[in-house]
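No lab work stands behind these numbers, since they all come straight from the coordinates. Given the structure is predicted, the values throughout are model-derived calculations rather than measurements. Don't worry about glycine lacking a Cβ; one is built from the backbone with ideal geometry, like all the others, and counts go over all protein chains shown.
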Amino acid sequence: MSEDLAAHPGARMPHAEFVAMVALLMALNAMSIDVILPALQQMGESLMVADENTRQLPITAYIAFFGLSQIVYGTISDHFGRRPVLLAGLAIYVISSFGAALAGDFTTLLVMRAIQGIGAGATRVIAISVVRDTYGGRKMASVMSLAMMVFMAVPIIAPIGGQGILLFADWRAILAVIALFGLVMTVWCYLRLPETLADENRRPLKTGPVLDAFRIVVTNSVASGYAIGSGLVFGCMLGFLNSAQQIYQQTYGIGALFPLVFSISAVFIAIGSFTNSRLVERLGMRLLSHGALVVFTAMSALLCVISVIDQGHVPLWIFFSCTLVTFSTLAFMGTNFNALALDPLGHVAGTASSVVSSLQTILGGVLGAIIGLAYDGTVFPLTLGFVILSLFSFSIIIMTERNRLFGRLDSKLAHPLPPVEGP
């Protein structure tokens, strides 16, 4: 495969443009979550939602349906091709984003955010599929690494951008900006992205492959163990996402500094992702991910104990320092757990990838919502949730590895996997 994409129609896409397009398609999902975090409470006030915890639901609705939609996109795009499915998903995303911006009540907002998540599911699945269609081996790994560098910048700058918009407009403007970004991506992909799925590789549209992939994932102890373990850890991150604004602005009273503090957490995930990419080939996925889970569990337990002693009112510098350490470990777990889940499923890698990703997102979304809704003005519900989920994850990984951690060698994957999404 060449460094430039095949012509469509008669044009060639430079390598740098292709990498940028893939990265921004993947980043669109992270932006859809992170950019509205500073506006959640304003949304609730505007739409007359009295309960502050209920105001977290625009995040939960988006994530839940984003996870559900990924189950089918892989199979659909294997039949119809990448372009039409991606463009349809982007169209759904843009229309629902404008709908959310114009929502007159909270129920309508939640429905539009759910539909928005359905549309965004196509961008994640198709972006990875396009890379796999176009490149192979080390070149594919290089493309994914470069895309990840751009992707990881979004959780850092999106909350700051959302807070900046609120200085001049209300929460509706943030959703309008998201819609415009989706519209730009739609036009760009329509004009420049060729169909990357070769005709000979198209598959019949059947429900069988999806159901079969579910069966294979569920009955394979390694795949199901790491998928569930990853979903539990993802639930910790989503629990933090749901309640982060309330914790930092209400519990700790940092006000407009929230986006900056939040972005620092994303920086540590980015550093962790970069470090993992440099160490994983030498040390292996198991050593890095199992070690990270031990650190995550220990730090969560420490933070929970301090929270109990201080009756939920942990000093800001202790809370912030501990969460920076825990979030840096997420980068080592997310990507490697996902890789280990898919490692034994090479014969159904495409569909299985969609199934595993969907299971992780749905499980994490439900558990994250429970943690977020338990917010009581202190950090205790969050720290308790971290401990419970990390201990369950640790137990499942131990059972999956049959009581052996760290030492088992893992195989080298033929394909790179999507990076863990930052907060």
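Is any residue of the range 303-338 close enough, with backbone N under 12 Å, to a label point placed 7 angstrom from the Cα of ILE264 along the Cα-Cβ axis, and if so, which? From the range 303-338, the list is 316-325. Looking at the range 266-378, the pairs of alpha carbons with a distance over 17 Å make up 65% of the total. Sorted ascending by nearby beta carbons within 10 Å, beginning with the fewest, PHE332, PHE80 become PHE80, PHE332. Computed from the Cβ-Cβ distance with R0 of 22 Å, the FRET efficiency linking ILE309 to LEU257 stands at 0.25. Normalised by the number of residues in the chain, the average gap of Cα pairs under 8 Å and 6 or more apart makes the relative contact order 26 percent.
Entry note, the chain: the mean residue ellipticity at 222 nm calculated from DSSP H runs of n ≥ 4, each adding -39500 (n - 2.57), is -25500 deg cm²/dmol after division by the residues and rounding to the nearest 500.
From the mean inverse distance of alpha carbon pairs (Kirkwood) and the Cα radius of gyration, derive Rg over Rh for the range 26-178.
Working: Rg = 16.5 Å, Rh = 16.2 Å.
On the Cα set of the range 26-178, Rg over Rh gives 1.02.
With only the Cα atoms considered, the chain has a convex hull volume of 123 Å³ per residue. By the beta-carbon count within 10 Å of each Cβ, the least crowded to most crowded order of TRP317, TRP171, TRP188, fewest first, is TRP317, TRP188, TRP171. For the range 254-288, the residues whose backbone nitrogen is under 18 Å from a point 7 Å from the Cα of LEU167, taken along Cα to Cβ, are 254-264.
Please report the relative contact order for the range 206-407, taking Cα pairs under 8 Å with a sequence separation of at least 6, and give it as a percent rounded to a whole number.
Result for the range 206-407 is 46 percent.
Semi-axes of the equivalent ellipsoid for the range 206-407, computed as √(5λ) from the eigenvalues of its C-alpha gyration tensor and ordered from largest down, come to 31, 18, 16 Å. Evaluated with a Cβ-only charge set (Lys, Arg +1; Asp, Glu -1), the chain carries a dipole of roughly 920 debye about its Cα centre, given to the nearest 20.
Karplus-derived 3J(HN,Hα) values for the range 72-89, using 6.51 cos²θ - 1.76 cosθ + 1.60 with θ = phi - 60°, are 9, 4, x, 5, 4, 6, 5, 9, 7, x, 6, 4, x, 5, 5, 5, 5, x Hz; glycine and proline are entered as x. What residue among SER328, ILE71, PHE214 has its Cα farthest toward the positive end of the dipole of the chain, where the charges are +1 on Lys, Arg and -1 on Asp, Glu, each on the Cβ? Checked the options; the winner is PHE214. By the count of neighbouring beta-carbon atoms within 10 Å, fewest first, THR75, THR329 end up ordered THR75, THR329. Averaging the Cα positions of each part gives two centres, and for the range 372-404 and the range 262-283 these lie 22 Å apart.
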